[in-house]
Amino acid sequence: MSADAPANEMDILKDSNFAFLGPKISGKVRDIYDQGDKLILITTDRHSSFDRIIAHVPWKGQVLNQVSAHWFEQTKDIVPNHVLAVPDPNVTVAKKCTMVPVEAVVRGYLTGVTDTAIWTRYGKGERNFGGVALSDRMRKNQKLPQPIFDPTTPLNFFFHQSADDRDAEICHPIAPVAAMTIHSNCCTSSLRSPQMRE
């Protein structure tokens, strides 16, 4: 199909139906087929915002899958990953792994519009992000002094607050190791991006 074709005439991958690949789980963007020791991840053209499918964007799945494949390849010496093969622009064959339910963003700029965005929190007076203290005179979209590791996983995953809320006690067995390892690996890999090295 030509890139100049109208959007309604383009091939759009809204979902997949390959029963021969195994049981299917549909996520917001990916269809996942479970093959026991490995997963087949098919990245669709579904566009999700705020946990809702709001559109289908032609070739979005290919772009997302290929960008992900590129960075998994570029960073596999920093941290091993799940990728076994990328046999199609929309498909990743992956090792089945045990998930560590930690989510974080490595931030390079003071920006964003959601409640969890660094700019929103900065505007409400927060100045310490991931151990980096920001000055009071920064502007929206300004480059940060260094990459900032900003966990989005609720802190109660890592910590147990005492009844008087003055002391925090680490209660999750992976918390100290995970926090340090994830922080180090994320910041190291972000520095490989040309935009972050400027």
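Only the coordinates and a few stated rules stand behind these numbers; no lab work does. Everything quoted here is computed from the prediction, not taken from an experiment. Ideal geometry is used to build each Cβ from the backbone, glycine not excepted, and the neighbour counts take in all protein chains shown.
By other beta-carbon atoms within 10 Å, ranking PHE18, PHE129, PHE149, PHE50 with the fewest at the front produces PHE50, PHE18, PHE129, PHE149. Sorting the segments 39-46, 90-97, 23-30 by their residues' average number of neighbouring beta-carbon atoms within 10 angstrom, most packed first, yields 39-46, 90-97, 23-30.
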